[in-house]
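Step one of this worksheet: look at the structure below.
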Amino acid sequence: MAVLAGLSLITWIILVFFRGGFWKADQVLPAAEPPSRWPSVTVIIPARDEAASIRRVVAAHRGCDYPGDLRIVVSDDASSDGTTAEATAAEGAFPAEAINVPPLAEGWTGKLWALNAGLEHAEGMASPPEYILLTDADIVVAPDLTRKLVAAAERKDLALVSIMAQLDASQFWGGTLVPAFIYFFQKLYPFPLINKRSSAVAGAAGGVVLVRKDALDAIGGIGALRGALIDDCTLAQKIKAHAPGTAIGLFLSSPFAEAISLRDNSTYKAMELMVARTAFAQLRHNAGLLLGTLFGLGLVYLVPPAAVLGGPLHNDPRAFWLGLAAWALMIVSYAPTLGRYGKSRREAFMLPFAATVYGWLTWLSAWRHWRGKGNVWKGRSY
């Protein structure tokens, strides 16, 4: 046990001190002076059976305070619940329209196919956009968010700017698993490293992604992402890798809720759907990476509390103190993310449980993939 506890402590030292300070959760959209000219923006919203939320989402975009030219395109991907009618009923100053997405082409995921249809429609406008804002049909943005995103992109010369929306963290399952999800995401894609021009690390949060049209064209458009299940991070990686030194930005939604997800995460089934759908894809469908991930989750998140709480069983003082030090680093590093969600620091003690659930969901994702029932979303299986 002392060896495992020692390995866990070493891992936590590396994560806390040599992983870009990911755990500080301090990357928020920076303030930027208004540009000398406000470029044109087209908002593209892929939607499939989103009647419950789409009117509110479109209304938020139509009612924003962007000083330049802005248009909203809803790409309706064969919805059967009146999504188009709800989208076109939204009120606001900026023009919005809904288009019908052609039947899904082979090799594409539904979301990317819908985004591609929206992009092609935008390119056919009298004045094509200079920026594309890719967002989801369940994300409500603050009135000033588009203006702040464009100002940051223009003044800081960012090819892509993304913001992690505030997710629903209500009830037991949402409150336990959502902050942990944000914490794990930051660990996989450290925001400070993403936001560093000289770093090769890249990532984005698909709920809100503003991208320069010329940067998107340079990588081959949405078609360059064809088939990607984790399309947001793939897009960021391709843009940042296309030209060394290209700057992108990924930020957390501020406490003022610049972007809020309307999707309900309060139940276990909701969290299972969100995580198990793409967890194995994140591991490139590699069984070796799956086993390594499960072992890593156990070593990092389960060994420390086991070494401390199991003291009377293993009767090894070295294991106890090594485990206690590792657990302390775990709690300290998780606290800032909990604070972002208004949670008590005491809830950091639930992180080992959350890691266990995510390990189970990752295994479940792999099991479904092997059975040919991997990524099922909105009635489609990828």
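The values are calculated or read from the model by the stated rules, or taken from the named source; none is laboratory data. Bear in mind that the values here come from a model prediction, so they are computed numbers and not experimental data. Cβ placement follows ideal geometry from the backbone for every residue including glycine, while neighbour counts extend to all protein chains displayed. Surface areas here come from the heavy atoms of the whole protein model, side chains and all, with no ligands, DNA or RNA. Shrake-Rupley method; radii C 1.70, N 1.55, O 1.52, S 1.80 Å.
Numbers below:
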{"read-out": "Matching residues, segment 14-40, being open to solvent by 20 Å² or more (accessible area, probe 1.4 Å) and part of a loop (DSSP other than H, G, I, E, B)", "value": "Arg19, Gly20, Asp26, Gln27, Pro30, Ala31, Ala32, Glu33, Pro34, Ser36, Arg37, Trp38"}
{"read-out": "Lone unmet requirement of (1) of a type outside the set (Val, Ile, Thr); (2) assigned to a helix (DSSP H, G or I); (3) open to solvent by 30 Å² or more (accessible area, probe 1.4 Å) for Pro179", "value": "(3)"}
{"read-out": "Filtered residues of segment 201-220 (kept if in a helix (DSSP H, G or I) and open to solvent by 10 Å² or more (accessible area, probe 1.4 Å))", "value": "Lys213, Asp214, Ala215, Asp217, Ala218"}
{"read-out": "Check on Lys111, crowded, with 18+ Cβ neighbours inside 10 Å and in contact with a Lys or Arg (Cβ under 9 Å, 6 or more places away or on another chain)", "value": "yes"}
{"read-out": "Any hit, segment 221-228, residues being closer than 17 Å to Phe185 by Cβ, in contact (Cβ under 8 Å) with a residue 12 or more places away in the chain and outside any loop (DSSP other than H, G, I, E, B)", "value": "no"}
{"read-out": "Any hit, segment 258-279, residues being closer than 23 Å to Leu193 by Cβ, modelled with pLDDT of 85 or more, open to solvent by less than 20 Å² (accessible area, probe 1.4 Å) and assigned to a loop (DSSP other than H, G, I, E, B)", "value": "yes"}
{"read-out": "Segment 227-257, residues that are more than 18 Å from the chain's Cα centre (by Cα) and crowded, with 17+ Cβ neighbours inside 10 Å", "value": "Thr246, Ala247"}
{"read-out": "Evaluation of Phe295 against (1) modelled with pLDDT of 90 or more; (2) under 21 Å from Ala228 (Cα atoms) (one fails), failing number", "value": "(2)"}
{"read-out": "Of all residues making up segment 229-257, the number that are touching a residue at least 40 places away in the same chain (Cβ under 8 Å) and closer than 18 Å to Lys213 by Cβ", "value": "10"}
{"read-out": "Odd one out for Val43 among (1) closer than 30 Å to Gly82 by Cβ; (2) part of a loop (DSSP other than H, G, I, E, B)", "value": "(2)"}
{"read-out": "Given (1) out of contact with any helix residue (DSSP H, G or I) (no Cβ under 6 Å at 6 or more places or on another chain); (2) of a type in the set (S, T, N, Q); (3) outside any helix (DSSP H, G or I); (4) open to solvent by less than 30 Å² (accessible area, probe 1.4 Å), index of the condition Ser198 fails", "value": "(4)"}
{"read-out": "Qualifying positions in segment 126-146 - surrounded by fewer than 21 Cβ atoms within 10 Å (Cβ to Cβ) and under 18 Å from Pro39 (Cβ atoms)", "value": "Ala126, Ser127, Pro128, Glu130, Asp144"}
{"read-out": "Qualifying positions in segment 61-95 - surrounded by fewer than 22 Cβ atoms within 10 Å (Cβ to Cβ) and not in a loop (DSSP other than H, G, I, E, B)", "value": "Arg62, Arg71, Thr84, Ala85, Thr88"}
{"read-out": "Contacts under 9 angstrom Cβ, first residue in segment 293-304 being farther than 11 Å from Thr11 by Cβ, partner of a type in the set (Phe, Trp, Tyr) and open to solvent by 20 Å² or more (accessible area, probe 1.4 Å), 6 or more apart", "value": "Leu294/Trp363"}
{"read-out": "Residues that are in contact with a strand residue (DSSP E or B) (Cβ under 7 Å, 6 or more places away or on another chain) and aliphatic (A, V, I, L, M), drawn from segment 236-258", "value": "Ala236, Ile239, Ile248, Leu250, Leu252, Ala257"}
{"read-out": "Segment 60-79 residues that are within 18 Å of Pro103 (Cβ to Cβ), paired with ones that are β-branched (Val, Ile, Thr) and assigned to a helix (DSSP H, G or I) (beta carbon under 6 Å, 6 or more apart)", "value": "Asp76/Thr83; Asp76/Thr84"}
{"read-out": "Pairs, first among the aromatic types (Phe, Trp, Tyr) in segment 259-288, second not in a helix (DSSP H, G or I), C-beta under 7 Å, six or more apart", "value": "Phe280/Gly374"}
{"read-out": "Matching residues in segment 213-253 - criterion: being of a type in the set (Ser, Thr, Tyr) and under 20 Å from Val150 (Cβ atoms)", "value": "Thr246, Ser253"}
